[in-house]
């Protein structure tokens, strides 16, 4: 398969080709490896690569699942898979091997996805850019290499946008799927809390904020991937509503009535929306109205945003402390602090000093926001927002060379509408419907009620039909 042809197909199209025996799994894996070798030196999106393992998987592959035997990338966020080392974007954890498969990894494998490497993340997935020291330099946006592809799934977003793979694993604890989707001009959906398994080694991430998913270039690929991995896990602390039929079937169904959509055009505490991000919002509004849906310029729900940001900071800091202590508690050697970036080391110290009461109150605030937002959305079918308040950040602007509170507060003004949806547990997607005058992708976010993935995917598919983005690829 020639390089130009490889980039013109999505994951399901490759699956069709594999099942039709027009291409072998090894030939397809070689396409992905070749593309990785060609473009990764320019964008630094991949780490912990194991090309020989990918080839071995492909040679022995029996076509199965929705994707047959598709080259795939796992995020360097600790998703357990023994054949690919981890670092969590941290020098402290470089070379970590986890000797079992997570439930999610198992479901990926059973659906015909073949991992041959991991994608870069910021340290402990704590940033909306991907500039970890462990990565040997920043991960760069394929559309403009002076800018970030987002984070924390920044490597995944860059790899999909640059055509290394059509589909990649991501995770989202405060916007980490939706931010790279917006910055890289691709599709990214954060599922409802409890829809995607987190076990067996843990029940939740970041107090219930975090979940896993994928980034893709087509809505149908994300729908198919969710069909393969969604579903309650035995012993899990959360469960999202069960789907009534496969998402891949649902996306083709028409809406039986026009939808009522709340639009948020100004941030909490009057955080401003950049004109390009506002233009993206107007683009989405016009497309939806042309389809016959009602868009309401709605008031924001009465969320105390500063208190939420503080709660998020405290829960994240507590989790940094747990993660680091798991590594160093029984390590008599000194100097491990030097392996952590400044904001992350500050987060460790903050988490270590955190009281049980403060942590419990932070979790209670997340639950309150969940009730507020689910009550709010009863008057609507969706909420429409800018994904980010600004275009993709320039490299070096949002860095860990700061205290943790200042670092995360800066992030809250960049990704204002994202982490609150992690607190509510509702599904949300970033759609690439607008490009700036300078050629940067600018996403819009669509939020659905809890468990509303089918409707969210269906509306995403209608928007994709109205304003296709698949053929918009960066020149790299």
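Each value in this text was obtained by applying a stated rule to the coordinates, not by laboratory testing. Note that the coordinates shown come from a computational prediction; the quantities given were computed from them, not determined experimentally. Every residue, glycine as well, gets a Cβ built from its backbone with ideal geometry; the counts of neighbours run over all protein chains shown.
Some notes on this structure:
- Computed label-point distance, nm, for sites residue 98 and residue 133 using a 7 Å Cα→Cβ extension: 2.4
- Shape category assigned to segment 414-462 from the gyration tensor of Cα positions, a/c cut at 1.5: oblate
- Average Cα contact separation per residue, the chain, under 8 Å, 6 or more apart, as relative contact order %: 17
- Estimated from helical segments only, the mean residue ellipticity of the chain at 222 nm is -11500 deg cm²/dmol, where each DSSP H run of four or more residues counts as -39500 (n - 2.57).
- Overall dimensions of segment 1-145 as given by Cα atoms, namely Rg and Dmax in Å: 15.4, 46
- Three-way shape call for segment 191-274 based on the alpha-carbon gyration tensor, with the a/c threshold at 1.5: oblate
- Distance between segment 254-271 and segment 305-355 - C-alpha centres, whole angstrom: 36
- Efficiency of FRET between residue 372 and residue 401 - r from beta-carbon atoms, R0 41 angstrom, step 0.05: 0.75
- Here the spin labels are modelled as points 7 Å beyond Cα on the Cα-Cβ line, and at residue 438 and residue 13 they lie 3.1 nm apart.
- Segment 317-476: C-alpha gyration tensor shape, a/c 1.5 cut-off, then a/b vs b/c: oblate
- Projected label points at residue 296 and residue 202, each 7 Å from Cα along the beta carbon direction, are separated by 3.8 nanometres.
- Part-to-part distance (alpha-carbon centres) for segment 395-474 and segment 155-232, which is given in Å: 12
- Looking at the chain, the DSSP beta bridges with both ends there are about 70 percent antiparallel.
- Neighbour-count order for 57, 85, fewest beta carbons within 10 angstrom listed first: 85, 57
- Likely footprinting exposure, 75, 21, fewest C-beta neighbours within 10 Å first: 21, 75
- Ranking of 402, 475, 172, 252 by count of other Cβ atoms within 10 Å, fewest first: 475, 252, 402, 172
- Over segment 277-317, the alpha carbon radius of gyration divided by the compact-protein estimate 2.2 N^0.38 Å works out to 1.79.
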